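Questions regarding the structure given below will be posed in turn.
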Amino acid sequence: MFARGLKPLSIASVVLIIGAFAMVFFYAPNDADQGFIQKIFYLHVPLAIAALGGFVAGGVWGVRYLRDGDRAHDLRSYVAIHISLILGIGALVTGSIWAKASWGHWWVWEEPTLVSFLIVFLLYACYQPLRFSIEDPERQARTAAVFSIVAGAFVPLNFLAVRMAESFTHPRVLSQTGGSMPGDMRLTFLVSLLGMAVLFVTLCKYELTSKQASMQLRALKRRLAADDDEAWLPTGRSAAPQQL
Amino acid sequence: MPALPLDDAGPYVAAAYLVFLALLLIYVAIMAGKLVRIARELGELTELVERRQQARAEDAEEETVRQ
């Protein structure tokens, strides 16, 4: 069910990411203001955008789960948030490295962009413990869906609040005027963003396929155990959805 | 702040891209672990089904001999 199109997606991810990185180092010019260090931009910003987009996607799947009760939507929501958290760690670490090189500090607490992203990240860091704390699968899925919707709605609100706040040091990349990047830099950024988006979808598909295989295996074990009159099989508590 | 010279900026840029690579590699390693577990459990289940089929075949053979 989830494995369809995984191979072409994987190939597209590899081609796009390698292509994007090649463009970063061999095509895009050095920034006039920041110089070579600005190359981190092509990694840091797509990571952050993909992570935030994934959080919102998790909320959308949460809405779909609550609407029709399909457990596959719960799984999709869980996986989208799980992968977004990984990309979020990447965005935080690469941003911190860039901050140290550019501003001389690993972290600037006065900067709303940084702190707001950290708040969103920490909010979603509660998602898995929340799921793990609920044993009943139905209740777990429902509570997680509500969490993903509320937190997902918080992401664009947070983004807007940061746009309205005064920026101290962090630049505004996506402005209404389209930013001030020259064409070759903009093209490199867009290819990087596309590569990261495709990588996100590919990783989600990997995770979904792996989870589905585990679930099918568990169901098969349960059927065999039932044949042997061994109705009891230890399932164990898990943050991830256990069945479709 | 003025732009860092290439010698100073290089390690930071390399570190950022290495972080990304490390995240991907850690993810691949975790997925590999999951794949190994799935393969092992699948092997156990296959063995169980084969044993069961063998036992059924032996039972059927004994039944035929008894008749």
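Structure shown: which of A:LYS7/A:LYS205; A:LYS205/B:LYS34; A:LYS7/A:LYS39 lie over 18 Å apart, alpha-carbon to alpha-carbon? Don't skip to the answer; put the middle values down first.
Details: A:LYS7/A:LYS205 10 Å; A:LYS205/B:LYS34 15 Å; A:LYS7/A:LYS39 30 Å.
Pairs exceeding 18 Å: A:LYS7/A:LYS39.
Within 10 Å of each Cβ in peptide A:25-36, how many partner chain Cβ atoms are there on average? Round it to a whole number, please.
Working: counts 2, 0, 0, 0, 0, 3, 1, 1, 3, 5, 7, 10.
Other-chain Cβ atoms within 10 Å of each residue's Cβ, averaged: 3.
Can you tell me which of A:187-199, A:17-29 comes out highest on packing, and rank the rest after it, using the mean Cβ neighbours within 10 Å?
On the way: A:187-199: 20.7, A:17-29: 16.5.
Ranking, from highest mean packing down: A:187-199, A:17-29.
Taking Cα atoms, how many degrees apart are the long axis of helix B:6-66 and the longest axis of chain B, rounded to 10 and kept between 0 and 90?
With both axes taken from Cα atoms, the answer is about 0 degrees.
If you don't mind, another one. Summarise the partner chain shielding of B:17-28 as one whole number: the mean count of Cβ atoms from other chains within 10 Å of each residue's Cβ. Intermediate values should be presented prior to the final figure.
Numbers: counts 9, 2, 11, 12, 1, 2, 7, 5, 0, 1, 5, 2.
Mean number of neighbouring Cβ atoms from other chains: 5.
FRET efficiency for A:VAL115 and A:GLN216, Cβ-Cβ distance as r, R0 = 41 Å, nearest 0.05?
Values: r = 43 Å, r/R0 = 1.05.
Plugging the Cβ-Cβ distance into 1/(1 + (r/R0)^6) gives 0.45.
Each label point is 7 Å from the Cα along the Cα-to-Cβ direction; what then is the distance between the points at B:ALA39 and A:GLU135, in nm?
3.6
Name the longest site-free stretch of chain A, where the excluded sites are trypsin sites (Lys or Arg not before Pro) in a DSSP loop with no more than 15 other beta-carbon atoms within 10 Å.
Values: sites that count: A:ARG4, A:ARG172, A:ARG237.
Of all site-free stretches, the longest is A:5-171.
Residue separation times 0.36 nm, minus the C-alpha to C-alpha distance between A:ARG223 and A:LEU244: what's the value? Walk me through the numbers on the way to the answer.
On the way: separation 21, 0.36 × 21 = 7.56 nm, distance 1.55 nm.
In short, 6.0 nm is gained.
So for the pair A:TRP107, A:PHE159, with labels modelled 7 Å out along Cα→Cβ, what separation do we get in nm?
That separation, rounded to one decimal, is 2.4 nm.
Within 13 Å, Cβ to Cβ, of A:ILE40, how many net charges do the neighbouring residues add up to if Lys/Arg are +1 and Asp/Glu are -1? All intermediate terms of the calculation are to be shown ahead of the outcome.
Details: positive: A:LYS39, A:LYS100; negative: A:ASP31.
Combined, the nearby Lys, Arg, Asp and Glu give +1.
Any read-out appearing in this document is the output of simple, stated calculations on the displayed coordinates, not a laboratory observation. The shown structure was predicted, so the numbers you read here are calculated from the model rather than taken from an experiment. Note: ideal-geometry Cβ built from the backbone for every residue, glycine included; neighbour counts use all protein chains shown.
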